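Chemist: Sending over a structure as structure tokens; questions will come in a sec.
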Amino acid sequence: MQVEKFYYDNRTVKNFAYATLLWGAVGMLVGLWASLQLVFPSLNITQYGSFGRLRPLHTNAVIFAFVGNGIFMGVYYSLQRLCKARMFSDTLSKIHFWGWQLIIVAAAVTLPLGLTQGAEYAELIWPIDIAITIIWVVFGWNMFGTIIKRREKHLYVAIWFYIATFVTVAVLHLVRSGELPYSWLKSYSFYAGVQDALVQWWYGHNAVAFFLTTPYLGLMYYFMPKAANRPVYSYKLSIIHFWALIFLYIWAGPHHLLYTALPNWAQSLGVVFSFMLIFPSWGGMINGLLTLRGAWDRVRDDVVLKFMVVAVTAYGMATFEGPMLSLKSVSAVAHYTDWIVAHVHVGALGWNGMLTFGVLYWLIPRIFGTTLYSKKLAANHFWLGTLGIVFYAVPLYWAGFTQSSMWKQFTDSGQLKYSFLETVTYLKPFYAMRSFGGALYLVGVFIMVYNMVKTVKSGKLIADEPAEAPALEKETADMHKGEHWHRWIERKPVQMLILSLVVILIGGVIEIVPTFMIKSNVPTISSVKPYTPLELQGRDIYVKEGCYTCHSQMIRPFRSETERYGEYSKAGEFVYDRPFQWGSKRMGPDLAREGSGNLKKTDGWHFRHLREPSSMSEGSIMPAYAFMIEEEIDTASTGAKIRAMQSLGVPYEKGFDKIANAALMEQAATITNNLKSDSIRISPNKEVIAVIAYLQRLGVDISKPQNQ
């Protein structure tokens, strides 16, 4: 048997490792700053650095920059060695690396500028979405080219997860990115209201599943056995884990929308499949931890294994908590509270962060042909990271329980016991402790960066690492006698891709298609009308400023919420909302009925509140939006927005785009006249006028007589 000599590409691995370190530090630093803004609102220094704009910057930086580069670092290193082949194309590797970094830079520029689609984890504007599609195809092309030319017949379990990640993320991205551009940078979603909410959390939950979980499970299956020098505990458990996980995960998105206006059948499906997820998830955790059987004595001394053990344990904790949170009784307590933030960060900081650090500590010395500069610094990083997670999560769990309890409490006379603002100010010490935990974690990252720099300087990159392996033998019928049935799939990467695609499409099709095709799932309300041009402009400014990151617009059918906010929300209210604004966290009160009923405030109140929130609500942590008093409404875009909405089915009259600005100025003049009576003089073409118009519209339609 002839042995072939070839070289592994470590240069691309190095590039992605450096990017992981850089963007990890940057993304977490932005997150720490945003958390401090909740304790010290004065840190909202400029409109470009307000919480509403920094929060999506932080989430995108950590998910797509830090974790994304970590995925590619691990895949490019492990795939070559599992396939016994160099990556298919060095050119594609370079395009992938630099293309991904340019996407990250574009996100880092556009999000602080307020250029956003307003959908969590999918905020990036349509030109960047196209770039992501192209670069993802480049990644898949390079990955499958490598698999096809492999010298190893068997596709190891890590590669199964890489394949499922590629195909599912492609589907998720294409569906969520359905949008109609109305300018070179801005667009409206194809979906509205309930449909948009379902698509968003089908995408949002599965972005967690197939970007933050499945590729990292692939990395766990490769790097943990390598670090422990032990085989994976159970091959059969790997098979069950993989197929059950990718089938069940895709159904779970609706559990983010319990007690909302989403049809009950979709909510129920989300609950059932979310609860079942605990079984394959814990199967993976058990497979990972039992891989260390016989090597536990090494964990005390090997810092890489310490990081990996904490990572897999955090994965187990998060994937137990997730199914519990999907139960309606638990969701009624946890949703919209800081409990959810704690849950998410146990996964992000524990599972993704700690596994990434472990891989970096294992991988960097090897590709530079040296040893780690300081095991002591790495151990310090481990303890700072672990303590950081504890100090981050525990205060937020406590805050979440406290929030929910305070929101729901009534006095003996049947009145709500606490105002919403009281619940906010009470939680400031918990937010401060969360920031302390985040700071500990970040200090650990800086220590790691220093350790990595010193390690790199002590060695030299083995850019083209020599390797050798026999060519892949031509298959014969006798070769596969007596082997496990799953081996056939493992030998066929194209079949593996197709089967993975079929498995993940089943749940998505069953949940999404009926919501779009069956009209009775989203009943209309005759009194609900399209937004006026001024209200539409105000709504877009509201989205631009990230107000949805703190405010919800979804009143659940709980006595505590209907007493506080008004009548519970109905599906037909949201048919013109692109994007939907149901929110996922309440650091401010729900705004669904802000313009009607007992919640209605004067135009002057809104003006002063936007200019200086604490002047109207003492102790408010809301950023000041005084710049809206100076910024002018982009009236040049009004016609294009109306035409885009008409194309999407919003029933504006034909030719309305031509007179839209006249209607806008007429409504703006009414508001400025109202402000004059409150001793406020301002030009009608300012952004603050549009935002006031939008806020005063909320809930008005539903308070009218309805015919459903």
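Chemist: Quick one: what pairs do we get from segment 351-364, first residue closer than 10 Å to Tyr216 by Cβ and in the same structural domain as Gly388 (by TED's automatic domain parsing), second β-branched (Val, Ile, Thr) and not in a helix (DSSP H, G or I), C-beta under 9 Å, 6+ apart or different chains?
Modeler: Trp351/Thr213; Asn352/Thr213
Chemist: Something else about it: I'd like to know if segment 319-340 contains one or more residues that are over 27 Å from the mean Cα position of the chain (by Cα) and buried (at least 20 other Cβ atoms within 10 Å of the Cβ). Outline the logic, then answer.
Modeler: Of all residues in segment 319-340, those over 27 Å from the mean Cα position of the chain (by Cα) come to none.
Checked against the condition, which is being over 27 Å from the mean Cα position of the chain (by Cα) and buried (at least 20 other Cβ atoms within 10 Å of the Cβ), segment 319-340 yields no hits at all.
Chemist: Mind checking whether some residue in segment 166-177 is part of a loop (DSSP other than H, G, I, E, B), over 23 Å from Trp582 (Cα atoms) and of a type in the set (S, T, N, Q)?
Modeler: Step one: filter segment 166-177 for residues part of a loop (DSSP other than H, G, I, E, B), giving 177.
Narrowing further to those that are over 23 Å from Trp582 (Cα atoms): none.
So far as segment 166-177 goes, no, none of its residues is part of a loop (DSSP other than H, G, I, E, B), over 23 Å from Trp582 (Cα atoms) and of a type in the set (S, T, N, Q).
Chemist: Checking Ala85 against (1) in a helix (DSSP H, G or I); (2) modelled with pLDDT of 95 or more; (3) out of contact with any Pro (no Cβ under 6 Å at 6 or more places or on another chain), which single condition isn't satisfied?
Modeler: (1)
Chemist: Quick one: how many residues across segment 558-589 are of a type outside the set (Gly, Ala, Ser) and over 21 Å from Gln195 (Cβ atoms)? Let's see the steps before the verdict.
Modeler: Of the residues in segment 558-589, the ones of a type outside the set (Gly, Ala, Ser) are 558-559, 561-565, 567-568, 570, 573-582, 585-587, 589.
Within this subset, residues satisfying the condition of being over 21 Å from Gln195 (Cβ atoms) are 558-559, 561-565, 567, 585-587, 589.
Of the residues in segment 558-589, 12 are of a type outside the set (Gly, Ala, Ser) and over 21 Å from Gln195 (Cβ atoms).
Chemist: Please count how many residues of segment 47-91 are under 24 Å from Glu123 (Cβ atoms), among the hydrophobic types (A, V, I, L, M, F, W, C) and surrounded by fewer than 22 Cβ atoms within 10 Å (Cβ to Cβ).
Modeler: Applying the first criterion (under 24 Å from Glu123 (Cβ atoms)) to segment 47-91 yields 47-72.
Pick out the ones that are also among the hydrophobic types (A, V, I, L, M, F, W, C) and you get 51, 54, 57, 61-67, 71-72.
Filter once more, so that each one left must be surrounded by fewer than 22 Cβ atoms within 10 Å (Cβ to Cβ): 63.
The qualifying residues number 1.
Chemist: Kindly evaluate Met622 against the criterion of being within 29 Å of Phe51 (Cα to Cα), touching a Ser or Thr at 6+ places or on another chain (Cβ under 9 Å) and buried (at least 19 other Cβ atoms within 10 Å of the Cβ).
Modeler: When the stated conditions are applied, Met622 passes them.
Chemist: Do you know which of the residues in segment 587-619 that are among the small types (Gly, Ala, Ser) and either assigned to a loop (DSSP other than H, G, I, E, B) or under 29 Å from the mean Cα position of the chain (by Cα) (or both) is nearest to Asp657 (Cα to Cα)?
Modeler: Gly595
Chemist: Are any residues in segment 109-137 of a type in the set (A, V, I, L, M, F, W, C), touching a residue at least 60 places away in the same chain (Cβ under 8 Å) and in a helix (DSSP H, G or I), and if so, which ones?
Modeler: Scanning segment 109-137 gives a single hit, Trp126.
Chemist: Looking at Ser637, Ser647, Ser677, Ser683 in this structure, which one is surrounded by fewer than 21 Cβ atoms within 10 Å (Cβ to Cβ) and under 14 Å from Arg539 (Cα atoms)?
Modeler: Ser637
Chemist: Name the pairs whose Cβ atoms lie under 8 Å apart, with the first residue in segment 415-430 and over 11 Å from Met587 (Cα atoms) and in contact (Cβ under 8 Å) with a residue 24 or more places away in the chain, the second of a type in the set (Ser, Thr, Tyr) and surrounded by 15 or more Cβ atoms within 10 Å (Cβ to Cβ), and 6 or more positions between them or separate chains?
Modeler: From residues that are over 11 Å from Met587 (Cα atoms) and in contact (Cβ under 8 Å) with a residue 24 or more places away in the chain, the pairs are Leu416/Ser560; Tyr426/Thr402; Phe430/Thr402.
Chemist: Is it the case that segment 92-105 has a residue that's in contact with a Pro (Cβ under 7 Å, 6 or more places away or on another chain) and either surrounded by 21 or more Cβ atoms within 10 Å (Cβ to Cβ) or in contact (Cβ under 8 Å) with a residue 12 or more places away in the chain (or both)?
Modeler: Checked against the condition, which is being in contact with a Pro (Cβ under 7 Å, 6 or more places away or on another chain) and either surrounded by 21 or more Cβ atoms within 10 Å (Cβ to Cβ) or in contact (Cβ under 8 Å) with a residue 12 or more places away in the chain (or both), segment 92-105 yields no hits at all.
Chemist: Consider Thr260 against the criteria (1) modelled with pLDDT under 95; (2) touching a Phe, Trp or Tyr at 6+ places or on another chain (Cβ under 8 Å); (3) of a type outside the set (A, V, I, L, M, F, W, C): it satisfies all of them except one. Which criterion is unmet?
Modeler: (1)
The values are calculated or read from the model by the stated rules, or taken from the named source; none is laboratory data. None of the values given here were measured: they were computed from a predicted structure. Virtual Cβ from ideal backbone geometry, glycine too; neighbours counted across all protein chains shown.
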